[in-house]
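The values are calculated or read from the model by the stated rules, or taken from the named source; none is laboratory data. Source: prediction; values computed, not measured. Cβ sites come from the backbone with ideal geometry, for glycine too, and all protein chains shown count toward neighbours. With ligands, DNA and RNA removed, areas are computed over all heavy atoms of the protein, side chains included. Shrake-Rupley method; radii C 1.70, N 1.55, O 1.52, S 1.80 Å.
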Amino acid sequence: VAFLIGMTSFLFVVAGQISPLPSGGQLPGDLFALNIASKIRTDRNATTMASSDFGRIMEAAPEAVLHPATPADIAALIRFSTSSPAPFPVAPRGQGHSARGQSLAPGGVVVDMRALGHGHRRINVSVGAGYVDAGGEQLWIDILHATLQHGLAPRAWTDYLRLTVGGTLSNAGIGGQAFRHGPQITNVQELDVVTGTGQLVTCSRDKSPDLFFAVLGGLGQFGVITRARIVLEPAAKRARWVRLAYTDVTTFTRDQELLISKKASEAGFDYVEGQVQLNRTLLEGPESTPFFSSADISRLAGLVSRSGSGAIYFIEAAMYYDEATTSVDKKLEAVLEQLSFMPGFVFMKDVTYVQFLDRVRMEEEVLQSVGVWDVPHPWLNLFVPRSRIIDFDTGVLKGILGGTNPVGVILMYPMNTNKWDGRMTAVVPQTDEEVFYTVGLLRSAVAVGDVERLERENEAVLAFCTKEAIQCKQYLPHYTKQDGWRRHFGAKWDRTVELKAKYDPHKIMAPGQTIFRSPT
Ligand code: FAD
């Protein structure tokens with residue numbers, strides 16, 4: 001008897017109180033007669049591992065977990081599901097680093113992507129052609145190490161590198177290089193995809209372009225990425241990594257926008273992001289960043305209290321270089337001269353290129369050591385139009401969040417709209433502005449009641465944007481109703497529905513996104 005479980009089977013989990021898993025139905029017995037049967041596990045160890053994610057908010061058990069050795073194994077599973085009288089859901093799981101159950105498959109089968117290749121790194125660098133072919137299951141950190149052996153590296157990165165290629169390309173993959181190179185999805189030349197009908201298709205801008213564009217930012221809705229061809233550039237050896245402090249949001253955003261503008265971008269930083277530290281968080285709570293010394297933090301706290309500002313803002317930027325330190329010093333000096341950060345509040349580190357790109361690993365280790373990594377993460381990421389970022393700062397950062405003291409990070413940095421490809425499924429604010437901001441409220445729930453409190457604040461933030469008509473779009477989006485998704489996709493909704501009907505007509509793929517209801 002095949003079956004499907006609707007979205008209601010997702011359980012909401014309160015910090016530290018994991019509810020029992022729903023007992024779903026059974027998969028069709030003849031699944032276990034297929035030649036992939038030996039790679040399917042139904043034991044509780046396997047299904048529990050695939051029942052939750054980094055967010056620790058949603059929990060739902062699959063009936064089974066497939067450990068594929070090859071993309072053909074995934075195709076066989078999907079073809080079996082779609083040819084069953086009642087198809088069952090299938091969700092690829094990269095690292096499970098989503099926050100809202102996006103990689104879960106209640107009552108269906110989770111495909112544990114990390115099994116692909118029998119433990120062999122499926123990473124092949126083409127030095128002459130300047131690209132790397134990487135399995136969808138590969139971690140970006142492993143791609144970095146493999147490409148560096150040839151003096152090359154991808155151009156666009158996420159802040160954290162223990163994420164899979166398929167996982168970030170299903171969203172967008174954003175970071176401080178996106179202002180110049182676009183998100184990771186615009187740095188891909190070709191994909192191998194197992195579609196929701198079980199076909200193995202190689203696609204690109206020229207070959208099956210509708211599938212190529214659908215899958216990039218496609219939230220796993222159209223198929224499973226099993227290989228991506230990623231553009232490379234010559235890699236630097238070192239990075240000058242700076243943080244510049246501001247107490248005034250207008251000056252902060254003006255300088256950020258200067259740094260990502262075409263003129264400054266050519267001669268300036270290779271990476272530009274920004275963070276917001278709310279007043280009270282400076283001296284309280286576990287410190288997650290090894291960047292500042294305690295003396296720096298005291299100076300910064302003094303700056304905040306003197307200025308009377310509710311927040312302190314940091315531009316975080318990096319300039320890559322090889323050996324010639326004098327030329328990087330000159331270049332850096334020339335860029336800093338154009339900026340209006342608080343005099344004397346420039347903090348600098350000189351690190352290797354790998355140390356810079358892998359910097360969040362250090363934060364992870366700090367948080368792991370004080371037990372606040374494996375906790376619920378009710379994260380909210382928003383893309384905010386440039387014209388409303390100051391309103392957002394006043395109403396949300398200094399308003400709704402102003403009195404709280406959360407553990408975590410608030411990111412805030414601009415990107416250039418023209419570096420995104422509108423043909424892809426990924427969604428950005430639908431305005432004609434040249435720049436939009438990403439604001440990441442990356443907060444952790446460490447005490448009893450934090451999940452509910454942070455979720456209430458997130459709701460209030462979204463309600464504020466609606467009330468003030470700020471055309472925000474969620475990044476790593478989460479909606480429980482199709483209406484929310486319809487609004488999220490906006491002008492792209494009809495096309496998304498059309499492509500879903502073409503590439504996953506049974507609506508079995510990545511049900512944890514809760515965009516399309518699986519058939520019952
Ligand atoms: P999973 O969580 O396993 O999967 C995500 C979704 O993609 C699911 O729906 C899944 O079914 C689907 N999927 C997984 N693999 C495939 C595949 N091969 N083919 C098709 N669909 C697939 N994101 C950024 O953009 N920038 C950042 O700087 C950034 N920093 C982060 C830092 C941390 C500490 C964490 C936890 C997350 C961060 N993220 C960032 C978010 C991250 O990109 C997403 O959560 C991403 O989905 C996680 O990748 P994953 O490999 O664990 O995917």
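Can you give me the ranges of the strands (runs of 3 or more DSSP E) entirely in the stretch 301-390 with at least 3 residues that are away from the ligand (no atom under 16 Å from the Cβ)? Break it down stepwise before answering.
Numbers: elements: 311-321, 346-352, 380-385.
In the stretch 301-390, 311-321, 346-352 are the strands (runs of 3 or more DSSP E) which contain 3 or more residues that are away from the ligand (no atom under 16 Å from the Cβ).
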TODO: Would you check if residue 257 is within 30 Å of residue 305 (Cβ to Cβ) and modelled with pLDDT of 95 or more?
DONE: yes
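If a residue has to be small (Gly, Ala, Ser), surrounded by fewer than 22 Cβ atoms within 10 Å (Cβ to Cβ) and within 14 Å of the ligand (Cβ to nearest atom) to count, how many in the stretch 67-95 make the cut?
Going through the stretch 67-95, the residues small (Gly, Ala, Ser) turn out to be 69, 72, 75-76, 81, 83-84, 86, 91, 94.
Then drop every residue that is not surrounded by fewer than 22 Cβ atoms within 10 Å (Cβ to Cβ), which leaves 69, 72, 75-76, 83-84, 86.
Those still in the list that are within 14 Å of the ligand (Cβ to nearest atom) too: 75.
Matching residues across the stretch 67-95 total 1.
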Open item on the list: I'm trying to understand the selection: among the residues of the stretch 12-46, which are modelled with pLDDT of 95 or more, surrounded by fewer than 20 Cβ atoms within 10 Å (Cβ to Cβ) and β-branched (Val, Ile, Thr)?
Closed with: 42
Task: Filter result (modelled with pLDDT of 95 or more and surrounded by 12 or more Cβ atoms within 10 Å (Cβ to Cβ)) within the stretch 467-481 - done: 468, 470, 471, 472, 473, 474, 475, 476, 477, 478, 479
TODO: Could you tell me whether the stretch 425-435 includes any residue that is open to solvent by 30 Å² or more (accessible area, probe 1.4 Å) and under 16 Å from the mean Cα position of the chain (by Cα)?
DONE: no
Task: Selection from the stretch 166-211 of residues that are open to solvent by less than 20 Å² (accessible area, probe 1.4 Å), closer than 21 Å to residue 417 by Cβ, in a helix (DSSP H, G or I) and more than 8 Å from the ligand (Cβ to nearest atom) - done: 178, 179, 185, 187
Task: Criterion: under 22 Å from residue 41 (Cβ atoms) and of a type in the set (Gly, Ala, Ser) - qualifying residue of 129, 134, 105 - done: 105
TODO: From (1) surrounded by fewer than 21 Cβ atoms within 10 Å (Cβ to Cβ); (2) more than 7 Å from the ligand (Cβ to nearest atom), pick out the condition that doesn't hold for residue 159.
DONE: (2)
Task: Output for the stretch 442-466, where each listed residue is charged (D, E, K, R) and more than 16 Å from the ligand (Cβ to nearest atom) - done: 450, 452, 453, 455, 456, 457, 459
TODO: Read through the list (1) part of a strand (DSSP E or B); (2) among the aromatic types (Phe, Trp, Tyr); (3) within 14 Å of the ligand (Cβ to nearest atom), then give the number of the only condition that residue 241 fails.
DONE: (3)
Open item on the list: Where the second residue is crowded, with 16+ Cβ neighbours inside 10 Å and among the charged types (D, E, K, R) and the first is under 23 Å from residue 173 (Cβ atoms) and lies in the stretch 468-490, which pairs have Cβ atoms under 7 Å and are six or more apart or on separate chains?
Closed with: 478/100; 488/473
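I'm checking my understanding of the structure. Among residues of the stretch 216-234 that are more than 7 Å from the ligand (Cβ to nearest atom) and within 20 Å of residue 475 (Cα to Cα), which one is surrounded by the most Cβ atoms within 10 Å (Cβ to Cβ)? First the steps, then the outcome.
Step one: filter the stretch 216-234 for residues more than 7 Å from the ligand (Cβ to nearest atom), giving 216-218, 221-222, 227-234.
Then drop every residue that is not within 20 Å of residue 475 (Cα to Cα), which leaves 216-218, 221-222.
Numbers: 216: 27, 217: 24, 218: 29, 221: 22, 222: 27.
My answer is 218.
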TODO: Give me the pairs, please: first residue somewhere in the stretch 28-48 and closer than 20 Å to residue 106 by Cβ, second residue anywhere and open to solvent by 50 Å² or more (accessible area, probe 1.4 Å) and assigned to a helix (DSSP H, G or I), beta-carbon distance under 8 Å, and either six or more positions apart or on two chains.
DONE: 40/32
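Tell me which residues, restricted to the stretch 115-156, are within 10 Å of the ligand (Cβ to nearest atom) and touching a strand residue (DSSP E or B) at 6+ places or on another chain (Cβ under 8 Å).
Here is the first cut: in the stretch 115-156, the ones within 10 Å of the ligand (Cβ to nearest atom) are 116, 135-140, 156.
Within the stretch 115-156, 116, 135, 136, 137, 138, 139, 140 qualify.
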Open item on the list: Here are the criteria: (1) over 30 Å from residue 432 (Cβ atoms); (2) open to solvent by less than 30 Å² (accessible area, probe 1.4 Å); (3) not hydroxyl-bearing (Ser, Thr, Tyr). Tell me which single one residue 392 does not satisfy.
Closed with: (1)
Task: Pair list, Cβ < 9 Å and 6+ apart or interchain, from the stretch 112-137 residues that are free of Cβ contacts under 8 Å to residues at least 12 places away in the same chain and open to solvent by less than 60 Å² (accessible area, probe 1.4 Å) to residues that are of a type outside the set (Asp, Glu) and more than 15 Å from the ligand (Cβ to nearest atom) - done: 126/132; 126/232
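Just for the stretch 491-506: of the residues that are open to solvent by 70 Å² or more (accessible area, probe 1.4 Å) and in contact (Cβ under 8 Å) with a residue 24 or more places away in the chain, which one is farthest from the ligand (Cβ to nearest atom)? If you could, list the steps in order and put the result at the bottom.
Going through the stretch 491-506, the residues open to solvent by 70 Å² or more (accessible area, probe 1.4 Å) turn out to be 491, 494-495, 498, 502.
Still in the list and also in contact (Cβ under 8 Å) with a residue 24 or more places away in the chain: 491, 502.
Numbers: 491: 22, 502: 16 Å.
Among those that are open to solvent by 70 Å² or more (accessible area, probe 1.4 Å) and in contact (Cβ under 8 Å) with a residue 24 or more places away in the chain, it is 491.
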